[in-house]
Amino acid sequence: MGLVKANSQSGVLPRGYRLGKLGMSLAGSYLGYQVQNILLGETGKLERTARFNQKASRQLREELGALKGPAMKMGQMVSMCNGAVRPESLEELANLQMRAPGMHTSLARAQFKSALGKYPEELFREFDLEPFAAASLGQVHRAVTFNGDKVAVKIQYPAIRSAIENDFKLLRSVTLPGQLTGHLPANLLAEIQRGLLEETDYLHEAQNLEFFRKELAELAFLSIPRVYHELSGDRVLTMSFIEGLPLRDFLKGKPSPAIRDLIGDRLAEMYYTQLHRLKALHADQHPGNFLFQSDGGIGLLDFGCVKRLRINITKIIDGIVHRSWRQGEAEARQFLNLLYGPQVPYRRARKLLPLAENNANFMFPRGPSANPVVNFANPELLRLAATNSGRILRDRLMPAEFVFVSRAEMGLGHLLHELGARVNILAVWRSVTGAGDRSE
């Protein structure tokens with residue numbers, strides 16, 4: 001068990017060794033693949049490429065799934081990189097969103113008892129020892145309370161907090177050149193570590209669940225689990241069971257374009273409501289944290305990673321909608337100051353403006369001939385997102401405050417693309433902020 005070893009002083013070495021071994025193995029596989037191409041030429045090259053990608057992705061998925069923690073989180077993010085990663089690789093890595101390897105039954109029972117003082121069968125009428133979902137920090141079991149309520153019980157992996165801390169020690173060592181050049185600032189790494197460590201505190205997640213259930217109650221289509229506090233602790237979280245299907249299973253049922261568009265519209269409404277009204281954001285929006293229902297209902301799960309915003313995100317989005325930088329240098333400075341504050345010189349920050357212009361034209365098209373409906377099946381949107389991300393990192397323009405906002409935005413874009421949804425994002429934003437009618 002890599003996670004158990006990570007709890008010791010020497011724990012960094014086994015995890016670092018496994019990652020290094022994985023890298024060497026993938027490199028060896030790639031070399032063999034290239035030798036085959038030289039010897040066999042173009043004949044069957046497409047099939048060989050697909051087989052290589054699938055085999056390498058399976059190996060990557062299995063190793064990251066075993067390591068859990070930040071390494072697996074990275075795999076989940078890669079699984080949402082439509083357009084940048086081949087389809088067979090996306091398909092394989094998508095298993096990290098909900099279908100990672102779980103703990104042995106005896107270990108799960110021991111973890112449960114260490115957190116709540118009793119075994120699961122002592123606190124529930126029924127408890128399924130086989131998890132129905134397992135991800136980077138914990139796994140989830142079906143259970144029934146003595147009152148007959150169907151619940152989901154999340155049990156944290158052992159020593160996961162130590163694993164995260166040790167992984168970040170390793171990460172800081174291997175990324176030292178990027179830190180020195182400013183491409184990977186220390187405060188950005190600190191923000192990512194803070195967010196991941198926060199996810200290990202299930203009592204904090206319980207508070208997040210209560211906050212979002214109350215603040216998003218007006219969204220009748222949205223279901224958020226209720227916490228059973230008497231059956232929860234810092235490493236075990238018991239919640240009401242939410243019905244619905246994961247995205248991949250939902251799409252197998254071939255929902256109509258109208259339902260896909262309705263769900264897309266609702267996902268955008270959820271996202272912008274959080275940014276504008278709550279000033280807090282569910283920041284782990286990968287498909288494994290959503291459940292979809294045939295009538296367009298949505299279940300939202302896993303509130304361990306929540307970003308409380310300290311910036312005026314409404315003014316920033318309004319600035320993008322109205323292209324405020326076009327109105328003069330003073331307005332451009334004001335817009336960039338909202339993003340970066342005074343610590344980033346205007347001369348460097350203004351490199352972001354062409355990217356903001358492209359983003360505005362795609363997401364908030366305006367003008368008499370513009371079609372306000374964004375077709376998220378358009379692969380050009382994916383290329384734009386990948387280009388923008390690369391430029392922002394290259395020019396050292398990623399504020400630490402935006403790390404988890406960017407991750408959430410990436411997840412939302414992936415969901416909308418997989419749905420093939422068509423959404424009038426500008427109308428959604430105007431409705432959420434009260435700036436106009438949705439029919440505009």
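The values are calculated or read from the model by the stated rules, or taken from the named source; none is laboratory data. Because the structure is predicted, anything quoted here is derived from the model rather than measured. Backbone-built Cβ (ideal geometry, glycine too); neighbour counts: all protein chains shown. For accessibility, only protein heavy atoms count, side chains too; no ligands or nucleic acids. Shrake-Rupley method; radii C 1.70, N 1.55, O 1.52, S 1.80 Å.
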Inset, instruction - Could I have the simple spin-label model distance between E215 and N361, label points 7 Å from Cα toward Cβ, reported in nm to one decimal? - result: 3.5
Legend entry - G233 long-range amide H proximity, modeled H, under 5 Å: T238
Legend entry - For the range 228-296, the fraction of alpha-carbon pairs in successive 5 Å shells from zero, as %: 3, 13, 18, 19, 19, 15, 8, 3, 1
Inset, instruction - Working with all protein chains in place, sort W429, W325 by solvent-accessible area computed with a 1.4 Å probe, largest first. - result: W325, W429
Legend entry - Where F364, F211, F146 fall by accessible area, highest first, once all protein chains stay in place (1.4 Å): F146, F211, F364
Legend entry - Karplus-derived HN-Hα couplings along the range 232-246 (A = 6.51, B = -1.76, C = 1.60, θ = phi - 60°), whole Hz, x at Gly and Pro: 10, x, 6, 10, 9, 10, 9, 9, 4, 7, 9, 7, x, 10, x
Inset, instruction - First compute the accessible area of the range 263-392 with a 1.4 Å probe, then give the percent of it belonging to carbon and sulfur atoms. - result: 50
Legend entry - Cα principal axis extents for the range 300-440, largest first, Å: 41, 39, 29
Inset, instruction - Please list, in chain and number order, the residues 5+ apart from A280 or on another chain whose amide H is under 5 Å from its amide H, with Hs placed from the backbone. - result: L309
Inset, instruction - Compute the length gained on full extension between A330 and H204: take 0.36 nm times their separation in residues and subtract their Cα-Cα distance, giving the result in nm to one decimal. - result: 41.2 nm
Legend entry - Residue-normalised accessible area of the range 351-440, given per residue in Å² at a 1.4 Å probe: 45
Legend entry - With DNA, RNA and ligands ignored, accessible area of H322 (1.4 Å probe; Å², nearest 10): 100
Inset, instruction - First compute the accessible area of the range 176-240 with a 1.4 Å probe, then give the percent of it belonging to carbon and sulfur atoms. - result: 57
Inset, instruction - Express in nm, to one decimal, how much length is gained between R394 and A370 on full extension, taking 0.36 nm for each residue of separation and deducting their alpha carbon distance. - result: 5.5 nm
Legend entry - As computed over the range 365-440, the Cα convex hull volume per residue (Å³): 123
Legend entry - FRET efficiency, 1/(1 + (r/R0)^6) with R0 56 Å, evaluated for R347 and R226 via beta carbons: 0.65
Inset, instruction - Could you tell me the distance between the Cα centroids of the range 372-440 and the range 297-338, to the nearest Å? - result: 12
